[in-house]
Amino acid sequence: MRQIITPKNMCISCGACVFASSGKIQLEENKSVGMYLPNIIQKLSNQELITIKNICPANGYKINSISKKLFDKKSEYDYRIGRYLNIVAVKSCSNKLLEKASSGSIMTALSMYLLDNKIVQGIAATIFTYNYDKVIPTTRIFTSSSDLLRTQGSKYMPVPALMVLDEIINFEGKVAFIGTPCQIAGLRLIQDNNPLLKEKIILTIGNFCGGFKDLRELNRLRTIAKMRKENIIHFQYRGDGQPGKMLFQSKSGKKWERSYTRYGGLTGYMKHYRCRVCIDATAELADISCGDAWLPRFLNNGGNWSVVIVRNPEIQEYLSRMESDSIIKLEKIGIEELVFSQKENLTSKKERYLSRNNFLKKTGHTLPVFDSGWNEKMNKSFFYEAKVYYAQLFKYYMEKIRLYSLLRLMVKTIIKD
Ligand SMILES: Cc1cc2nc3c(=O)[nH]c(=O)nc-3n(C[C@H](O)[C@H](O)[C@H](O)COP(=O)(O)OP(=O)(O)OC[C@H]3O[C@@H](n4cnc5c(N)ncnc54)[C@H](O)[C@@H]3O)c2cc1C
């Protein structure tokens with residue numbers, strides 16, 4: 001029988017299984033689903049298969065019990081954001097950092113602070129590398145602040161970030177890991193049985209996450225941007241102010257840009273299935289989590305602010321020192337303000353969790369298993385969830401037969417008239 005770690009539509013391409021398999025699994029790009037999927041190249045023993053399935057975050061994880069074990073008992077708990085010590089809004093004081101950041105550049109500013117003050121010797125972060133017209137997310141250890149500038153910007157795509165774990169094992173020094181909620185969950189599951197990685201990765205910096213679309217979206221955008229067969233030298237999903245813009249740049253000087261989030265409407269691709277059934281909106285297992293301050297008082301005040309959830313008292317201390325040293329501006333915000341700034345994502349992940357799962361279960365879908373973290377009341381009707389699901393599916397099939405752009409144009413014309 002074929003061995004599988006998780007069904008294709010559940011895999012998030014994090015690379016946890018590759019690390020745990022000691023060379024028996026490789027990640028390969030699967031063009032039909034647009035993900036980097038595990039390919040088992042050497043049969044796993046039953047015990048190995050069970051171990052790997054257990055550290056695969058795509059299958060779900062005990063988000064509440066793990067966070068209870070990780071974070072200070074003095075922290076507060078709210079099902080919408082998990083455990084927290086403090087919630088603040090932050091903006092870097094460096095214009096150079098803000099230029100290419102997604103929001104307030106706290107993820108990069110904090111990483112630089114950790115390196116410059118020798119709290120860690122390396123930061124595991126992600127850059128894009130380019131192979132002719134292809135854009136490839138690559139996670140590496142960075143040891144200097146100047147190199148970290150290259151890592152800025154959100155990558156709204158599958159990123160095999162945990163492929164960096166072997167490099168971390170062989171690295172001399174302590175490391176902070178930057179990643180998405182599911183990558184950090186995978187890391188926590190691995191660390192649980194790997195004392196060396198626990199010792200080496202001393203801090204985790206997570207981003208809030210509303211999910212990503214698979215590689216087929218990026219490939220389609222390359223076509224729309226007429227960047228296929230161009231030698232791409234720069235790509236970004238975001239940057240140049242908040243909300244920022246997508247940008248392709250080629251060696252021949254060709255440029256194509258669209259504002260964030262406008263480019264998202266150019267194709268009919270929907271978010272990856274596993275992202276649509278995720279419970280973790282704010283990286284609840286990270287020591288610090290960072291998102292956009294989608295709040296009028298910050299957006300109307302120059303923009304480029306992040307909202308931040310602090311779970312580790314050491315990070316709290318570093319932020320205070322960074323504020324005193326004028327590295328960042330910091331403002332206290334309340335939990336309801338944070339929830340308001342993330343309304344769409346939290347409504348989808350936390351409020352609709354039960355009603356969506358009810359619909360998906362009854363229609364035969366596979367679901368990840370979590371131990372809590374959702375509103376216990378059924379928020380929407382079966383009919384509402386069916387409507388959302390089939391509307392997304394319709395757009396997706398229109399895209400597959402390449403009629404989505406035409407449909408979009410027709411709808412736009414009708415609305416204008
Ligand atoms: C897939 C995804 C979905 C998101 N959804 C939301 C959302 O719904 N709401 C919200 O408020 N914020 C969301 N964010 C977070 C937001 O885009 C910014 O990351 C956050 O505001 C911090 O900005 P910054 O200016 O501090 O980051 P920057 O200074 O730009 O640094 C970003 C850091 O994150 C790393 N990184 C970026 N993408 C990835 C990735 N896919 N995997 C691993 N590392 C990565 C970069 O390498 C860099 O080190 C999402 C981010 C991602 C990657």
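Here, each number is a calculation from the coordinates, and none is a lab measurement. Please read all numbers here as calculations on a predicted model, not as lab measurements. Note that each Cβ is placed from the backbone with ideal geometry, even for glycine, and that neighbours are counted across all protein chains shown.
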List, in order, the whole-Hz ³J(HN,Hα) value for each residue of the stretch 277-284 obtained from phi through the Karplus relation with A = 6.51, B = -1.76, C = 1.60 and θ = phi - 60°; use x for Gly and Pro. 10, 7, 9, 9, 8, 10, 6, 5
I need the semi-axes of the equivalent ellipsoid of the chain: take the C-alpha gyration tensor, multiply each eigenvalue by 5, square-root it, list largest first in whole angstrom. 29, 27, 24
Which of the aspartates and glutamates could a cross-linker span from Lys174 if the Cα-Cα distance has to be under 19 Å and same-chain partners fewer than 8 positions apart are dropped? Asp116, Asp147, Asp166, Asp192, Glu199, Asp287, Glu314, Glu317
I need the peptides 17-23, 34-40, 381-387 ranked by packing, meaning the mean over residues of other C-beta atoms within 10 angstrom, with the highest value on top. 34-40, 17-23, 381-387
Take the residue pairs Lys31/Lys400; Lys31/Lys362; Lys198/Lys343; Lys31/Lys134 and return only those whose Cα atoms are more than 23 Å apart. Lys31/Lys362; Lys198/Lys343
Using the Karplus equation 6.51 cos²θ - 1.76 cosθ + 1.60 (θ = phi - 60°), what ³J(HN,Hα) coupling, rounded to whole Hz, does each residue of the stretch 17-30 give in order, writing x for Gly and Pro? 5, 5, 4, 6, 8, 6, x, 8, 10, 10, 9, 9, 5, 9
Cβ-defined net charge surrounding Glu376, 11 Å radius [Lys, Arg +1; Asp, Glu -1]: +1
Using modelled amide H (1.01 Å from N, peptide plane; none on Pro or chain starts), what sits under 5 Å from the amide H of Asn86, excluding residues fewer than 5 places away? Val310
For His234, the residues 5 or more places away or on another chain with a placed amide H closer than 5 Å to its own amide H are Gln249
Residue by residue through the stretch 231-246, which ³J(HN,Hα) values in whole Hz follow from phi under the Karplus form 6.51 cos²θ - 1.76 cosθ + 1.60 (θ = phi - 60°), with glycine and proline marked x? 7, 6, 10, 8, 9, 8, 7, 9, x, 6, x, 9, x, x, 9, 7
Using label points projected 7 Å from each Cα along Cα→Cβ, tell me how many nm separate Asn375 and Lys73, to one decimal. 3.3
Footprinting exposure proxy for Met107, Met270, Met246 (fewest neighbouring C-beta atoms within 10 Å first): Met270, Met246, Met107
What number comes out for the charge environment of Cys56, summing +1 per Lys or Arg and -1 per Asp or Glu over other residues with Cβ under 15 Å away? +3
Largest fluctuation, Lys198, Lys91, Lys100 only, Gaussian network model of the chain with Cα springs under 10 angstrom, belongs to Lys198
For the chain, with only Lys/Arg (+1) and Asp/Glu (-1) charged at the beta-carbon, what is the dipole magnitude about the Cα centre, in debye rounded to 20? 1720
Which net charge results when you count Lys and Arg as +1 and Asp and Glu as -1 among the other residues whose beta-carbon is under 15 Å from that of Asn304? +3
Put in order of increasing Cβ neighbours within 10 Å, starting from the fewest, Thr223, Thr143 give Thr223, Thr143
